[in-house]
Amino acid sequence: MYDEQQRPDHGPLSGFTVGVTAARRADELGALLQRRGATVVHAPALRIVPLADDGELLTATQELIDDAPDVVVATTAIGFRGWVEAADGWGLGEELLARLRGVELLARGPKVKGAVRAQGLTEEWSPSSESMAEVLDRLLEEGVEGRRIAVQLHGEPLPGFVESLRAAGAEVVPVPVYRWMPPEDIGPVDRLLDAALTRGLDAVTFTSAPAAASLLSRAQDRGLRPELLAALHHDVLPVCVGPVTALPLQAHGIDTVQPERFRLGPLVQLLCQELPGRARVLPIAGHRVEIRGHAVLVDGSLRPVPPAGMSLLRALARRPGWVVARAELLRALPGSGRDEHAVETAMARLRTALGSPKLIQTVVKRGYRLALDPAADSKYADA
């Protein structure tokens, strides 16, 4: 992680902390976020276990070799590769590929198409949208009554997909290539949960529905699910890679934001728009002050602020220009006890961090206030 203070051109996510729950491609997502200035808290909320030794996958594979399906739907590149590799391990690889050459093979998106072609196979069709809904629409338009359709799964729920095919008269054979399991080390997940509850995160990202469900489940196990839902509803932005990923959160009434294209790059770009757009911007003492998660932009210059100082600044910014009593500021400080001297100490450090002492005024015997510019007084008077 670079030192943001040494970079004059801070990134759009500088001063923000983003949680990453991904198990796969977490390093890639973390690097994309860090290159844009974010502080990243990584806590894989699950792990992916291949089913090479699982009788369920072996049974499904043998069944398809013995009784050819009419259609095979490949949903993920890693899942399709894992299926063929598992079949190779059982000595069934060539038989499986021979069977797949004789069926209608549909690939969801370019990555899956690449995995299919790497095995010497050719897909019959792939949707431009990379959407399972478009795959479903094509199958239903073709007519599926009496047809046998194998669907390669990857741990993700496919809401309504299998049910719709069966309702239209198809026989559906699920091919479960991977299974989602809880992480072996639950510590990082608990730390991410604690950070969310204390508003130490500005956003948390989800790239799979099982990861979202796993985080909610862990919160429930700790008796903290209502608190987590409150944080996601009000303060910590939940960002999902797509609508399927968002389903466990939506089931609890949590609105999420999602990129138009269900990829990591667009997800990061969306964060670059959303988080700065939610930051509080105030005209104070002739300066433009933007309050971010753990830093402040003063006239465009990034100023990292200690946690205690950020707590004070947020308390002052709730009613900009109004005097906030020391006793109220003391309550805003985490674990400060009853000594109002802690407020003075934290305030001194805050002013130093901001680099402009005049941003915060001391009101003798009353408390402190932000030195809001006079022209802004009317705008913020009832804030």
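The values are calculated or read from the model by the stated rules, or taken from the named source; none is laboratory data. Remember, it's a predicted structure, so these values are computed and weren't measured experimentally. Cβ coordinates were reconstructed from backbone atoms using ideal geometry, including for glycine residues, and neighbour counts include every protein chain displayed. We work out accessible area using only protein heavy atoms, side chains counted, and drop any ligands, DNA or RNA first. Shrake-Rupley method; radii C 1.70, N 1.55, O 1.52, S 1.80 Å.
Of 184, 142, 104, which has the largest mean-square fluctuation in a 10 Å C-alpha GNM of the chain?
Between 184, 142, 104, it is 142 that shows the largest mean-square fluctuation.
If I model a spin label as a point 7 Å beyond the Cα along the Cα-Cβ vector, how far apart are those points for residue 261 and residue 229 in nm?
With each label point 7 Å from Cα toward Cβ, the separation is 3.6 nm.
Given a 1.4 angstrom probe, what's the average accessible area per residue across the stretch 236-374, in square angstrom?
With the other protein chains kept in place, the stretch 236-374 gives 48 Å² per residue.
Share of the stretch 170-214's accessible area from carbon and sulfur, percent, 1.4 Å?
Within the stretch 170-214, the accessible surface is 54 percent carbon and sulfur.
Computing the accessible area with a 1.4 Å probe over protein heavy atoms, can you report the carbon and sulfur percentage for the stretch 225-365?
Summing carbon and sulfur atoms, their accessible area is 52 percent of the total for the stretch 225-365.
Round to the nearest 10 and give me the degree value, 0 to 90, for the angle of helix 209-221's Cα axis relative to the longest principal axis of the chain.
Value to nearest ten degrees: 60.
At 1.4 Å probe size, with the rest of the protein present, what percent of the exposed accessible area of the stretch 41-141 is carbon and sulfur atoms?
After summing per-atom areas, the C and S share lands at 46 percent.
Using only DSSP helix segments of four residues or longer, with each worth -39500 (n - 2.57), what per-residue ellipticity at 222 nm results for the chain after dividing by its residue count and rounding to 500?
It comes out at -12500 deg cm²/dmol, rounded to the nearest 500.
Rounding to the nearest 10 and keeping the result within 0 to 90°, find how far the Cα-based axis of helix 264-278 lies from the longest principal axis of the chain.
20 degrees
Rounded to the nearest 5, what % of DSSP beta bridges with both residues in the chain are antiparallel? Show your work: numbers first, answer last.
On the way: 23 of 50 bridges.
Percent antiparallel among DSSP bridges in the chain is about 45.
For the stretch 191-237, what class follows from the C-alpha gyration tensor (a ≥ b ≥ c being the square roots of its eigenvalues): rounded when a/c is under 1.5, otherwise prolate if a/b is larger than b/c, else oblate?
Oblate shape, in that a/c is at least 1.5 and b/c is the bigger or equal ratio.
Which FRET efficiency, nearest 0.05, do residue 314 and residue 49 yield, Cβ-Cβ r, R0 35 Å?
E between residue 314 and residue 49, to the nearest 0.05, is 0.25.
Using a 1.4 angstrom probe and counting only protein chains, how large is the accessible area of residue 129 in Å², to 10?
Rounded to the nearest 10, that gives 60 Å².
Would you please classify the overall shape of the stretch 1-147 from the alpha carbon gyration tensor, given that a ≥ b ≥ c denote the square roots of the eigenvalues, rounded means a/c under 1.5, and beyond that prolate means a/b larger than b/c while oblate covers the rest?
Prolate is the answer for the stretch 1-147, as a/c is 1.5 or above and a/b outweighs b/c.
Using 1/(1 + (r/R0)^6) with R0 = 56 angstrom and r between the beta carbons of residue 358 and residue 65, what's the FRET efficiency to the nearest 0.05?
Values: r = 77 Å, r/R0 = 1.38.
It comes to 0.15.
Here are a few candidate values for Cα extents along the principal axes in Å: (i) 86, 39, 37; (ii) 63, 45, 45; (iii) 63, 53, 42. Which one was actually calculated from the structure I just gave you?
It is the value labelled (i).
Under the rule a/c < 1.5 gives rounded, and otherwise a/b versus b/c splits prolate from oblate, where does the stretch 202-341 land using the Cα gyration tensor?
oblate
Please give the peptides 313-319, 205-211 ranked by average Cβ packing (other Cβ atoms within 10 Å per residue), highest first, as a rough proxy for protection.
Order by mean packing, descending: 205-211, 313-319.
Specify the angular offset, from 0 to 90 degrees and rounded to the nearest 10, of the alpha carbon long axis of helix 77-89 from the longest principal axis of the alpha carbons in the chain.
Tilt of helix 77-89: around 50 degrees.
What whole-number value in Å² describes the accessible area per residue of the stretch 21-144 for a 1.4 Å probe?
Result: 45 Å² per residue.
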